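Q: Handing you a structure now.
No value in this document is a laboratory result; all are computed from the given coordinates. Here the structure is a predicted model, which means the values were calculated and not measured. Every residue, glycine among them, receives a Cβ derived from its backbone with ideal geometry; neighbour counts consider all protein chains shown.
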Amino acid sequence: MRREVVDERDTNKNRPLGVQRLFRVALLLLTVLVIILGILISWGWLTMIQMPGESYRGELPPLTQKEVALRDALQRDVEKLAGEIGERNFLHYKELMAAADFLDASFAQAGYKVQRQGYTVDNQTYYNLEVEIPGTQRADEIVIIGGHYDSVSGSPGANDNGTGAAATLELARLFAGKKPERTLRFVEFVNEEPPFFFSEGMGSIVYASRCKQRSEKVVAMLSLETIGYYSDKIGSQRYPLPQLSSIYPLQGNFISFVGNVDSGSLVTDAIASFRRHTKFPSEGTALPNEITGVSWSDQWSFWQQGYPGIMVTDTAPFRYPYYHTSNDTPDKVNYDRLARVVVGLEYAIADLSGLSQPGM
């Protein structure tokens, strides 16, 4: 009897010890998994924010003669769109058509044959405007540079998006007569603003869908969106996530290259080229498109068709105090800095399209 009691006690004693060992092993495995997950998350986070090269810091050099001429041309274009024409959208259809006619004529004067892609919504016809430079060696691969030329209701839209529309036009002028390896297209999109935003009536959705229907191989799309406002004041720059404020500058004096995760390589390629050639502050990121602001322009339309696309922006509402207001007027745009950005984009587009030494 005594031996049986001892054996029973030993058995009962061993059971919790076994459970403890299993618990310790499980805890160890869980700790290892957490560490691995943390490493993967950190690695993923770094791949989203770690960009090649370094952003320019310091005093900006004097404008070159080319940049001065470009500054003046950009200012004329923005003043035409947002000053003389003014608010242009579905509620101001006559002005919207006047903007389309101005851009069409300007492309034609630069030597391009303009293609108008028309579509109808609620008995009104809208137009995307496209000009193309055929590629020489990789003509089936297409690089698209675009900006929307409509303005939000109640605003003349100088920065949003007169600057993007004007920059698209000026870049087309800079590349006129060049021979890139890849096909290069410059597109002025209509109806980016509400009520068309994120809908089938959005001009870039209509355009990107046609690209897909034609089985076109779009290898890069750059959306030029609100690119003309800069401030050196500390605190002038905000972000959609508080964590980003500890990573990126608090001065709104840089141009930003923004993509979704799938377009991460395009973000790094574009900003790497920009930084190699341009003495101007720049930041880049590839974030999930669910984060506020990441998808807020025409690159979103190309993502819907599986194409890589990025937004080049001054970050719009996260910096610009006149965003979507009646005070978004041509005098709010910093044309000196806008010209520097456009020249930097010229080099980036040249690299993306396989053209060396732009402007030479």
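Q: Would you mind ranking Glu181, Glu87 by Cβ crowding within 10 Å, fewest neighbours first?
A: Ordered by Cβ neighbours within 10 Å, fewest first: Glu181, Glu87.
Q: Same structure again: Just need the relative contact order of region 160-268 here, percent rounded to a whole number, with Cα pairs under 8 Å and 6+ apart.
A: It rounds to 23 percent for region 160-268.
Q: Another question about this same structure. Tell me which lysines have Cα within less than 26 Å of Lys233's Cα, excluding those fewer than 8 residues away on the same chain?
A: Cross-link targets: Lys279, Lys332.
Q: List the residues whose amide H sits under 5 Å from the amide H of Val114, counting only those 5 or more places along or on another chain, with H placed 1.01 Å from N in the peptide plane.
A: So Val114 has HN proximity to no qualifying residue.
Q: For Asn253, enumerate residues with amide H under 5 Å from its amide H, sequence gap 5+ or separate chain, H modeled in the peptide plane.
A: Result for Asn253 returns Ser231.
Q: As a quick test, which of the pairs Lys113/Lys217; Lys66/Lys113; Lys94/Lys178; Lys66/Lys94; Lys94/Lys217 have an alpha carbon distance above 23 angstrom in this structure?
A: As for pairs spanning more than 23 Å Cα to Cα, those are Lys66/Lys113; Lys94/Lys178; Lys66/Lys94; Lys94/Lys217.
Q: Once phi is turned into θ = phi - 60°, what whole-Hz ³J(HN,Hα) does the Karplus curve with 6.51, -1.76 and 1.60 give for every residue of region 248-262, x standing for Gly and Pro?
A: Along region 248-262, the couplings run 9, x, 8, 9, x, 10, 10, 9, 10, 10, 10, x, 7, 4, 5 Hz.
Q: Quick check on packing: order 255-263, 272-280, 145-153 by the mean number of other C-beta atoms within 10 Å, highest mean leading.
A: My ranking of the peptides, most packed first, is 145-153, 255-263, 272-280.
Q: Which order, highest average first, do 89-99, 118-128 follow once you tally other Cβ atoms within 10 Å for each residue and take the mean per peptide?
A: Highest to lowest by the protection proxy: 89-99, 118-128.
Q: Please report the antiparallel percentage of DSSP beta bridges with both residues in the chain, rounded to the nearest 5.
A: Taking every DSSP beta bridge within the chain, about 45 percent pair in antiparallel fashion.
Q: Treating the angle as unsigned and between 0 and 90°, give the value, to the nearest 10°, between the Cα long axis of helix 335-353 and the longest Cα principal axis of the chain.
A: Value to nearest ten degrees: 70.
Q: Averaging sequence separations of C-alpha pairs under 8 Å and six or more residues apart, then dividing by the length of region 55-353, give the relative contact order as a whole percent.
A: Relative contact order comes out at 24 percent.
Q: Right, another one. Using the Karplus curve 6.51 cos²θ - 1.76 cosθ + 1.60 with θ = phi - 60°, what ³J(HN,Hα) values do you get for each residue of region 164-172, in whole Hz, with x for Gly and Pro?
A: x, 5, 5, 5, 4, 5, 5, 5, 4
Q: Here's a follow-up. Quote the convex hull volume per residue of the chain, based on C-alpha atoms, as a whole number of Å³.
A: Once divided by residue count, the hull of the chain is 197 Å³.
Q: Treating the Cα atoms of region 192-292 as identical point scatterers in vacuum, please give the log10 of the normalised Debye intensity I(q)/I(0) at q = 0.10 Å⁻¹, two decimals.
A: Each listed q maps to, in turn, -0.37.
Q: Near Ser353, within a Cβ-to-Cβ distance under 11 Å, what is the net charge of the other residues, with Lys and Arg +1 and Asp and Glu -1?
A: +1
Q: Compute the signed sum of charges (Lys and Arg +1, Asp and Glu -1) over the other residues within less than 15 Å, Cβ to Cβ, of Asp314.
A: 0
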